[in-house]
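We did not get these values from a lab; they are worked out from the coordinates using the rules stated. Keep in mind that what you see is a predicted model, and the values were worked out from it rather than measured. Quick reminder, even Gly has a Cβ in these numbers, built from the backbone with ideal geometry, and neighbours come from all protein chains shown.
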Amino acid sequence: MARKNSERTGTETNSGAPSSTPLTAEALKEQLFSFPNPVELVDLPSKGRFYPQGHPLHNQEHIEIRYMTARDEDILTSKTLLRKGVAIDRLLKNIITNKSIAVESLLVGDKNALLVAARISGYGAEYNTNVTCPQCAVTQEVEFDLEDTSVYEGVVWEEYEITATESGTFIITLPLTKIEVEVRLMTGADEKRIARTMETKKKKKLPEAMLTDQLNLMIVSVNGNSDAEVRKVLIEHMPARDARYLRQAYEKIVPTVDMTHRFQCTDCQYESEIEVPFTTDFFWPKR
């Protein structure tokens, strides 16, 4: 999924015996600045296919990032940035070498690929976090290997009536109403918008509506009509069967990092495939 700069250039870091010359601050500074800044190419699940023309990632299959540093860790421990919910985006902004790429414009699946690569470069592939067994509800610590992931490029399965458009969107025909719904892939900016909407509703003590909020962002047009009022009517009155089908079909077309791993409960021996959870342990490991 990612290739280090040594693999691209054919060079390796000097591993010879350390010099016996007394280390001064100036010498250390010179050594650090002469040390090659490790970078790697991360495979984009989208392969750049769904970014508009003019976007830096349009039709680009990879993105270059540098390894995390101690200063990047400051971002992850900043209480102000964490409280504002911008620490992760600020980290990605720092490590992406092409500064013309706006983190908010990244497709969600591509952003996930970057997060996994950044975590591995910073803390290694071993990821320990708590998982609650779906069968017996016992919580236990599970170790995941983040290197054991694969890229899912998004597949239009035959059982779903889906047509890809030239503009990077998809037409999905709902099975019950036979309405044609055009959807687009969601970005980091969309995730932020949903989070802000949920927070606003929570403060105003309004009922949560995450599913309909998500549908409102991903749906582009209804039977070719992109009017906002038409989209609103569909979302509010769509039969549950069609809504479920739409969500399932959308999951099939989203390119992302496949984070499913085999899980076996140590208490009841229940086994299943589970999605690796993104918990606070991901960038704030316990050890």
Next item on the list: Springs between alpha-carbon atoms under 10 Å, Gaussian network over the chain: tell me which of 109, 54, 85 tops the mean-square fluctuations.
Entry: 54
Item checked: Debye-sum result for segment 155-253 in log10 I(q)/I(0), which assumes one identical scatterer on each alpha carbon, at q = 0.14, 0.21, 0.23 Å⁻¹ -> -0.54, -1.12, -1.29
Checklist line | Spatially proximal aspartates and glutamates relative to residue 178 (Cα-Cα < 16 Å; intrachain offsets below 8 disregarded) | finding: 159, 161, 242
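For segment 155-253, what is the percent of antiparallel DSSP beta bridges, rounded to the nearest 5?
Details: 11 of 11 bridges.
In segment 155-253, DSSP labels about 100 percent of beta bridges as antiparallel.
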Margin query: Based on the alpha-carbon set only, what is the convex hull volume of segment 20-128 divided per residue, in Å³?
Written below: 155 Å³
Notebook entry, point to check: Given a Förster radius of 22 Å and the C-beta distance between residue 61 and residue 93 as r, what FRET efficiency does 1/(1 + (r/R0)^6) yield to the nearest 0.05?
Noted result: 0.55
Check: What 222 nm value per residue comes from the helices of the chain, counting each DSSP H run with n ≥ 4 as -39,500 (n - 2.57) and dividing by all residues, nearest 500 deg cm²/dmol?
Finding: -10500 deg cm²/dmol
Next item on the list: Translational diffusion coefficient, Stokes-Einstein: compute it for the chain using the Kirkwood radius over C-alpha pairs as Rh, at 25 °C and 0.890 mPa s, and state it as an integer in µm² s⁻¹.
Entry: 112 µm²/s
Item checked: Relative contact order %, the chain, counting alpha carbon pairs below 8 Å whose residues are six or more apart -> 18 percent
Margin query: Which lysines, if any, have their Cα less than 20 Å from the Cα of residue 79, not counting same-chain residues under 8 positions apart?
Written below: 93, 192, 286
Check: Near the amide H of residue 186, under 5 Å away, which other amide H atoms are found, from residues 5 or more places off or on another chain, if H is placed in the peptide plane?
Finding: 108
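Test of understanding: what is the full-extension gain from residue 199 to residue 268, defined as 0.36 nm times their sequence separation minus their Cα-Cα distance? Walk me through the numbers before you get to the answer.
On the way: separation 69, 0.36 × 69 = 24.84 nm, distance 3.73 nm.
Gain on extension, residue 199 to residue 268, equals 21.1 nm.
Just the number: Rg to Rh for segment 203-287, Cα atoms, Kirkwood Rh, two decimals. Please list the in-between numbers first.
Details: Rg = 18.6 Å, Rh = 16.7 Å.
When Rh is taken as the Kirkwood radius, the ratio is 1.11.
Counting other Cβ atoms within 10 Å of each Cβ, which GluC sites (Glu not before Pro) in segment 176-230 have at most 13 and sit in a DSSP loop? Intermediate values should be presented prior to the final figure.
Working: sites: 180, 182, 191, 199, 208, 229; in loops: 208.
Qualifying residues, ordered by number: 208.
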Note to self: I need the phi-derived Karplus couplings for segment 215-232: 6.51 cos²θ - 1.76 cosθ + 1.60, θ = phi - 60°, integer Hz, Gly and Pro marked x.
What the structure shows: 4, 5, 7, 7, 7, 9, 8, 10, 6, x, 9, 9, 5, 4, 5, 5, 4, 4
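Using DSSP to call loops (not H, G, I, E or B), can you name the trypsin sites (Lys or Arg not before Pro) in segment 154-260 whose Cβ has at most 13 other Cβ atoms within 10 angstrom?
Answer by residue number: 178, 204, 205.
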